[in-house]
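Let me begin by presenting the structure, written as structure tokens, before commenting on it.
Quick note: the coordinates plus some simple rules give every number you see, no bench work behind them. As the structure is a prediction and not an experimental result, all values here were calculated from the model. Cβ coordinates were reconstructed from backbone atoms using ideal geometry, including for glycine residues, and neighbour counts include every protein chain displayed.
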Amino acid sequence: MKQIQKTTIILFILFTTGCYYDNEEKLYPVISTDCNLAEVTFSGTIKPILQAACFTCHSNSNYLNSGGGIKLENYADIKIMTGNGKLMGAVKHENGYIPMPQGGGKLTACEINQLQKWIDNGTLNN
Ligand code: HEC
């Protein structure tokens with residue numbers, strides 16, 4: 001193969017794989033000002049997020065058939081899954097957890113930050 005072709009191929013590989021190890025947190029470290037982290041409540045913030053993204057499988061009526069036996073509708077059940085680290089592990093797609101929502105797009109960075117904020121504030125039933 002001619003040297004010029006080899007160089008072209010190597011450059012192509014470098015350019016197309018260069019961003020492979022980048023992750024969202026490192027690329028966008030500043031939390032958007034549109035994301036309200038000041039007034040995160042269970043009823044006004046957390047439950048609506050889970051309702052929209054998780055209830056199809058994890059509601060009280062669906063969890064046995066579609067949610068692997070995990071309930072995420074009532075405060076007490078959600079608190080168990082935050083307390084054992086599984087909820088955040090799953091929504092952040094961390095190693096060792098099953099990525100959630102299953103078969104759907106990842107929650108937005110704002111939603112994940114709001115969940116984390118609610119936990120950091122003491123997982124209140126407010
Ligand atoms: C399409 C159905 C579906 C949706 C939507 C879904 N889940 Fe799941 N989830 C499952 C199933 C099924 C399992 C059990 C998987 C298994 O055991 O292999 C599971 C497991 C989990 C687990 C346990 C993970 C672990 O590593 O042990 C957590 C936590 C969880 N889901 C949270 C959520 C959250 C939070 C959402 C919404 C953001 C969500 N799920 C949306 C179906 C779903």
Projecting each Cα onto the charge dipole of segment 32-120 (Lys/Arg +1, Asp/Glu -1 at the beta carbon, about the Cα centre), which of Ile46, Thr82, Gln116 comes out farthest on the positive side? Thr82
Could you list Tyr63, Tyr75 in order of exposure, starting from the residue whose Cβ has the fewest other Cβ atoms within 10 Å? Tyr75, Tyr63
Gain in span if fully extended, Asn36 to Asn65, counting 0.36 nm per residue against the direct Cα distance: 7.0 nm
